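Colleague: Pasting in a structure now, in structure tokens, and then I'll have a few things to ask.
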Amino acid sequence: MSGTRSDGELLRAIAADADRRAFEELYRRYAPWLAARLRGRCADPAVVDDVVQETFLAVWRGTARYRETENADAAGWLWRIGSRRLIDALRGDGARGRLRQALARLRHRDEASAEERVLAGVEHGDLAGALVRLSPELRAVLQATVIDGLTTREAAVLLGIPPGTVKTRAMRARKQLREELA
């Protein structure tokens, strides 16, 4: 086959034939980009490297399934996998766990630190309840734009909706959250 294969061709070859060359080409094409994006969300280079490897391992093993449609974007698909893996890594024994352990060593166990009270409020308080009450469409837009830090255009590609719809849903989500938290 002459020339450079499209992302879709590479992903089909990986899924159907476990084509190592296709996988290597996809990795060379997107691993540096994914690592750069993840470094914007995590300062620990070891965690970023692990997440990039886990992302591509999921592609190789087929645990992440690419659904090629007219709006499908391999970069957005890889970003979605990588950002979720990063969140999982940080939730585990990541930064929050290390912070809690350090705080526990510095104070008495009977009193909650300010950080723990804030985290408990976010996890179990009004904000968590307000987020749960958002429709799945509004929550998805907030996840993509606020938590994952995607631009409107990137979120549109990721969610498979027009950029104007992303903006409208983000505005509706912010308004609903303001009303519920007021």
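Colleague: Would you list T4, T55 from the most to the least accessible area, probe 1.4 Å?
Modeller: Descending order: T4, T55.
Colleague: May I pose another question? Rounded to the nearest 10 Å², what accessible area does S6 have for a 1.4 Å probe in the complete protein model?
Modeller: 50 Å²
Colleague: Now for a separate question. Leaving out ligands, DNA and RNA but keeping every protein chain, what accessible area does V47 have, in Å² rounded to the nearest 10, with a 1.4 Å probe?
Modeller: Taking all protein chains as shown, V47 has close to 30 Å².
The values are calculated or read from the model by the stated rules, or taken from the named source; none is laboratory data. Quantities reported herein were computed from a predicted structural model and do not represent experimental measurements. Accessible surface areas use protein heavy atoms only, side chains included; no ligands, DNA or RNA. Shrake-Rupley method; radii C 1.70, N 1.55, O 1.52, S 1.80 Å.
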